[in-house]
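So the structure is just underneath, and the comments pick up after that.
The values are calculated or read from the model by the stated rules, or taken from the named source; none is laboratory data. Computed from a predicted structure; not experimentally measured. Neighbour counts run over all protein chains shown; Cβ positions are idealised from the backbone, glycine included.
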Amino acid sequence: MNSVEAANTGTTAVRAGSHFDEASLARWMAAHILGFAEPLRVEQFKGGQSNPTFKLITPHKSYVMRRKPAGPILRGAHAVDREARVMAALGSIGFPVPHVHALCTDETVIGTTFFVMDMVEGRIFWTASLPEVSHESRPAYFDALNATIAALHSVDYAALGLADYGRPGNYYARQIARWSKQYLEDTEAGRDPFMDKLVEWLPDHIPAGDETSLSHGDFRIDNVIFHPSEPKVLAVLDWELSTLGHPVADFAYHAMMYRMPSLVVAGLGGIDLAPLNIPSEADYVAAYAARTKRATLDGYDYAIAFNFFRLAAIIHGIKGRVIRGNASNVDARARADALPLFTKLAWEQAERAGA
């Protein structure tokens, strides 16, 4: 088990600063979740950078709770109510997400907004090269990921009542503005020369054409639960960044694993894929294009550059939370320390896209 996997796998006792009134939570669950029975025991998942995540253990089954972090937070961040809404909608059509039992916006219960969902048992892979999987079966795991994100982008979001889940169109301009603003306003986390260059370059080089789909926003192999023994996706997790967005941008965020070094975030950069029986980036992109009925993925390299910038902005936000003392993950400092690496990678991708 590598250091990233060790820091994110399993549960621990509720960490300092994350405690809440467990008796109050149990009373709320008894009133809102059919079949809930005490006693309730609470543990905290090691993973979860933004919203603290807890395992709720009862005599008959386990649940998962996602809540906003305690303490000061940036406006619009940690939107667990949006997570609950999109997961409930997707679950209604059989898309692989945990079943959402209920959302609580009454902050008097445990101090913040939260929601409770089913605990899905399965496998989470923290290394994109899948060393735990047989040589013969690796292509099937990658194909399952590819099929899942393609299916997400094919969902009729309006029919699910999600037409107002974001603003359709003009995705890149809005997202660049959002993350640039968050980066510039988080003065405690400081400035970075590569981020400053990207803030200037990205808005002026947005590709022509526009599309809108439901977008996950953080679709990575370690945000997916696979069947315990089969290449089948059981659940897609961590929907906090989901919105109505550009499907190519969302897919490129996922596919940038091919250009990401396997240091802090699961990546395949620099790995010889053929001996591992892992599909090439070109083949993976082609499979997605075929599934979504496209001849090519126009603007793909720009989308990769944008997503490295966006990821760097997210890590910049983690750095700010570490400084302010309300980072929810024990590995947060390691990610914050890696910020210069990610901002450099982001600018290198922009140069590849024509900067």
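Annotations for the structure displayed:
- Considering the conditions (1) surrounded by 17 or more Cβ atoms within 10 Å (Cβ to Cβ); (2) within 26 Å of R167 (Cα to Cα), M260 is excluded by exactly one of them, (2).
- The helices (runs of 4 or more DSSP H) found entirely in segment 298-355 that carry 3 or more residues being at pLDDT 90 or above are 300-324, 339-352.
- Among the residues of segment 168-186, those that are outside any helix (DSSP H, G or I) and either outside the structural domain of G317 (by TED's automatic domain parsing) or more than 12 Å from S215 (Cβ to Cβ) (or both) comprise G169, N170, D186.
- Annotation note: Cβ proximity below 7 Å between a residue of segment 285-298 that is closer than 12 Å to E211 by Cβ and a residue that is among the small types (G, A, S) and outside any helix (DSSP H, G or I) (sequence gap 6+ or interchain) occurs for T292/S154; D298/G209.
- Here the condition is being hydroxyl-bearing (S, T, Y) and in contact with a helix residue (DSSP H, G or I) (Cβ under 6 Å, 6 or more places away or on another chain); of T296, T343, it holds for T343 alone.
Rundown of residues vs (1) surrounded by 23 or more Cβ atoms within 10 Å (Cβ to Cβ); (2) in the same structural domain as G269 (by TED's automatic domain parsing); (3) under 20 Å from T9 (Cα atoms), yes/no style:
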residue	(1), (2), (3)
Y302	yes, yes, no
A305	yes, yes, no
F308	yes, yes, no
L311	no, yes, no
I323	no, yes, no
D331	no, yes, yes
D337	no, yes, no
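- Where K197 falls short, out of the listed (1) part of a helix (DSSP H, G or I); (2) modelled with pLDDT under 95; (3) among the basic types (K, R): (2)
- Test: A249 is at pLDDT 95 or above, under 18 Å from the mean Cα position of the chain (by Cα), surrounded by 16 or more Cβ atoms within 10 Å (Cβ to Cβ) and over 26 Å from P193 (Cβ atoms): no
- Pairs with Cβ under 9 Å, 6+ apart, first in segment 9-35 and closer than 22 Å to E121 by Cα and surrounded by 15 or more Cβ atoms within 10 Å (Cβ to Cβ), second basic (K, R) and at pLDDT 90 or above: T11/K55
- Within segment 38-56, tally of residues that are surrounded by 13 or more Cβ atoms within 10 Å (Cβ to Cβ), part of a loop (DSSP other than H, G, I, E, B) and at pLDDT 95 or above: 1
- Just one residue in the set L145, L160, L198 is assigned by TED's automatic domain parsing to the domain that holds V224, among the aliphatic types (A, V, I, L, M) and farther than 23 Å from Y288 by Cβ; that residue is L198.
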